């Protein structure tokens, strides 16, 4: 049996104040960037960033300003995030290797690939179908500062006031470079090899440099944060993932009360009844805007209930029958969704299904 793609779940229906619409947030699954062979069901994660030589690693750390344990912690955060993110997808059973192999700590280029004797040994040891290796990892954290006028509160209570004084504006830029390889033992190929360069910027301002530095994120947490960004990016590359999408649901113009009635029903989860109400409103159309929005809402109801084909038809009607341009855009988005769901279904198919 093919695994079922989870149905759309309504997460939030919040009022956009001053607007004639409400925002509905839905869950959907998007395909992985690449399609890993379907026989790969059990996947091993391996850290290959142990230094070739502890002495050379210490020297490299002195030259770069990054202690080996700091880079190790950031690499660990990267692989942990890959593991956590893959566990949110139904694609694989993920296992983490206990050993840390020697390879690319501080490396800017990929090391020599593991031999297939090593890969076969890992597959037998852990009972897996393929091996995903963090092959190389380097990180950096650069702090810069400049003088800047900052605001300061002086006085207390009713006598307090805000003044401007000369202070320090400080920025911390963290970066990591993480290289992954996915070894496929059945064909004895490196199925995937990719490097992610990620950065993030933090800032703080205060009256003195010491105060600003105390407020700024420290480099250990900063490089771990950016490492997690790299890990999340790779997980999305090889596994279908759930994402949130937002849709508008209309309840005006008031000249057609079915729009508002259907919206109220939808907000309490009665989507079938909401669709019936909107269909009823189509029998009382007094302007094209109301007709377009009724069709749009019917399309949304069908999408929520998992009928993407029906949703696409009604979104198209909003444009073709009432000239509602948002219906055309929505129909195009739904067509893309249906294509993506086909890909997700293929990616989640197991070979013995």
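Each reported figure results from applying straightforward, stated rules to the coordinates on display, with no laboratory input. For clarity, every value in this text was computed on a predicted model and none was experimentally measured. We place every Cβ from the backbone using ideal geometry, glycine too, and count neighbours over all the protein chains shown.
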Percent of Cα-Cα distances greater than 16 Å, calculated over the stretch 179-262: 74 percent
In Å and whole numbers, how far do the C-alpha atoms of the chain stretch along each principal axis, longest first? 81, 76, 29
Can you pull the three principal axis extents for the Cα set of the stretch 89-204, in Å, largest first? 75, 31, 21
What's log10 of I(q)/I(0) for the stretch 111-150 at q = 0.16, 0.21, 0.28 Å⁻¹, Debye sum over Cα points only, no solvent? -0.58, -0.78, -1.02
Using R₀ = 22 Å, calculate the FRET efficiency as 1/(1 + (r/R₀)^6) where r is the Cβ-Cβ separation of residue 158 and residue 207; round to 0.05. 0.40
Taking the convex hull of the Cα atoms, report for the stretch 42-239 its projected area averaged over all directions, in nm². 14.3 nm²
Divide the volume of the convex hull of the Cα atoms of the stretch 258-300 by its number of residues and quote the answer in cubic angstrom per residue. 51 Å³
Please work out the Cα center distance from the stretch 115-141 to the stretch 277-325, rounded to the nearest Å. 51 Å
Rg/Rh of the stretch 216-353 (Cα atoms, Kirkwood Rh), to two decimals, equals 1.17
The alpha-carbon center of the stretch 219-262 and that of the stretch 156-173 are separated, in whole Å, by 36 Å
Ignoring solvent entirely, what values of log10 I(q)/I(0) come out of the Debye formula for the stretch 142-203 at 0.11, 0.15, 0.20 Å⁻¹ when each Cα is a single scatterer? -0.55, -0.70, -0.86
Would you calculate a helix-derived [θ] at 222 nm for the chain, using -39,500 (n - 2.57) for each DSSP H run of n ≥ 4 and dividing by the full residue count, to the nearest 500? -13500 deg cm²/dmol
